[in-house]
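The values are calculated or read from the model by the stated rules, or taken from the named source; none is laboratory data. Since this is a predicted model, take the numbers as computed values, not measurements. A quick note on method: Cβ atoms are made from the backbone with ideal geometry, for glycine too, and the neighbour counts reach across all protein chains shown. For accessibility, only protein heavy atoms count, side chains too; no ligands or nucleic acids. Shrake-Rupley method; radii C 1.70, N 1.55, O 1.52, S 1.80 Å.
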Amino acid sequence: MSALAKNYNRRKISFKKGKGSFLYAYNGKKYLDFVQGIAVNSLGHANPNLINAVKKQTKKLWHVSNAFIIPEGERLAKRLTQKTFADYVIFQNSGTEATEAAIKVARRYFYSIGKPNKYRILCIKNSFHGRTLAAIFASGSKKMTEGFGPKVQGFDHFKFDNLKSLKKSITNRTAAIMVETVMGEGGIKVISKKFLKELRKICNKKKILLIFDEIQCGIGRSGKFFAYEHSNVKPDIVPIAKGIGGGFPIGAVLMNKKAASGMIPGSHGSTFGGNPLAMSVGNAVLDQIFKKGFLKNVQKISKYFHSELKKIQKQYSNIIKEVRGVGLLIGLQLYNDQSKFINKLMDNNLLTIKAGENVIRILPPLTVKKKEVDLAIKIIRKVCKEYKT
Ligand code: PLP
């Protein structure tokens, strides 16, 4: 019997090693891994460059306190700001810490300009920003918050893609609007460019900070470094995690000068966040993602993947309702519960994972090869053919 608490419904399989897009299970089978730790292993399993970075750094220095200057973190922060809207970075260890930090940055900004009553954070109903107490109440989903009262105050909600609902929910106490640029857990729901532009306009008009949660859709997954870049809209604050560590736990919050102005010594911190080992891995991830042609290739291969999936959807429109997503953040929405389909894919050696709205999430590494996409397409088509609704 497992001594782990039962907060997960784990699949009855475990793995002894991984290489690129593949996982090798103890049952002797080889799986095409299109979960990749839920959009974490951006460069696949056992990436040689990441292995080298870890090896090199472990021999030198693992951890020192943020009470000292950490050159590896200075470098990673500089590179993140040079490529994006941001002027400053705070490092964390996970996504939920990054969203917490984003909320703190927004509130501290208004406090620092003498408006402490402007503290409320407006989010999309049933979004996902992590599992800390504040983050679950930010998400506003009954399932995640049930049993975890009393309610953490300070969050309001509006309906996805509903401008009227958004406008109605803004008050003079609203400090920030926080949305996932592409809603991952909720079912790979892409916020339209038009809506993102509208968000920026409203935030400017009402003097509200704009937070784009890029934890799942950022770091190249959408085909651009950040998913919001597809819209030309610039946010004020962006929490990141997952892909930036390529499997090593790293989170961060990026912010512009204005948003960062409230953060003074002592206003936030982390024991582990930004340590030399984590930062070396983050830099090694960026070495590859910033390589010329890397993101172009993500765009090219994802375009091919989407078009092949759309062909399957057309052929089996009685099973697959919609192909969703952007870049290598892909969702197949079924008409009914998707668990049986996911199990059939696994029986055929393809690993995928659930999201909301009956969606099967498909998250290959950003380094996926065409022949691996072709293999996935073959398996999905076979399962469709054999599937009884
Ligand atoms: N925000 C988004 C959009 C996410 O997808 C996730 C994780 O799935 C989180 C926040 C929380 O990240 P973590 O699980 O690293 O705490």
The correct count of residues that are away from the ligand (no atom under 15 Å from the Cβ), crowded, with 18+ Cβ neighbours inside 10 Å and assigned to a loop (DSSP other than H, G, I, E, B) in the stretch 221-267 is 8
Criterion first (crowded, with 16+ Cβ neighbours inside 10 Å, closer than 24 Å to Gly325 by Cβ and away from the ligand (no atom under 15 Å from the Cβ)) does Phe212 satisfy it?
no
Exercise. Can Asn93 be described as of a type in the set (S, T, N, Q), touching a Phe, Trp or Tyr at 6+ places or on another chain (Cβ under 6 Å) and buried (at least 18 other Cβ atoms within 10 Å of the Cβ)?
Worked result: yes
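Within the stretch 192-209, which residues are open to solvent by less than 10 Å² (accessible area, probe 1.4 Å) and closer than 29 Å to Gln288 by Cβ? Let's see the steps before the verdict.
So in the stretch 192-209, the residues open to solvent by less than 10 Å² (accessible area, probe 1.4 Å) come out as 196, 199, 203, 208-209.
Leu196 - this is the single residue of the stretch 192-209 that is open to solvent by less than 10 Å² (accessible area, probe 1.4 Å) and closer than 29 Å to Gln288 by Cβ.
Let's see how each residue does on (1) out of contact with any Pro (no Cβ under 8 Å at 6 or more places or on another chain); (2) within 16 Å of the ligand (Cβ to nearest atom); (3) not assigned by TED's automatic domain parsing to the domain that holds Leu345:
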| site | (1), (2), (3) |
| --- | --- |
| Gly20 | no, no, no |
| Gly28 | yes, no, no |
| Val35 | yes, yes, no |
| Ser42 | no, yes, no |
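A quick yes/no check of all residues on (1) within 24 Å of the chain's Cα centre (by Cα); (2) buried (at least 23 other Cβ atoms within 10 Å of the Cβ); (3) more than 28 Å from Glu214 (Cα to Cα):
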| site | (1), (2), (3) |
| --- | --- |
| Lys291 | yes, no, no |
| Asn358 | yes, no, no |
| Ile362 | yes, yes, no |
| Val373 | yes, no, no |
| Thr389 | no, no, yes |
Lys303 being in contact (Cβ under 8 Å) with a residue 12 or more places away in the chain, open to solvent by 40 Å² or more (accessible area, probe 1.4 Å) and more than 16 Å from the ligand (Cβ to nearest atom): no
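Looking at Ile237, Ile211, Ile188, Ile177, which is the one that is closer than 21 Å to Phe137 by Cα, in the same structural domain as Pro116 (by TED's automatic domain parsing) and touching a Pro at 6+ places or on another chain (Cβ under 8 Å)?
Ile211
Taking the options Leu80, Leu76, Leu61, name whichever one is open to solvent by less than 50 Å² (accessible area, probe 1.4 Å) and either touching a helix residue (DSSP H, G or I) at 6+ places or on another chain (Cβ under 6 Å) or outside the structural domain of Pro235 (by TED's automatic domain parsing) (or both). Give the derivation first.
Numbers: Leu80 fails: either touching a helix residue (DSSP H, G or I) at 6+ places or on another chain (Cβ under 6 Å) or outside the structural domain of Pro235 (by TED's automatic domain parsing) (or both); Leu61 fails: open to solvent by less than 50 Å² (accessible area, probe 1.4 Å).
Only one candidate passes the filter, namely Leu76.
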So, first residue free of Cβ contacts under 8 Å to residues at least 12 places away in the same chain in the stretch 127-149, second residue within 12 Å of the ligand (Cβ to nearest atom), Cβ within less than 6 Å, six or more apart or across chains; the pairs are Thr145/Ile136
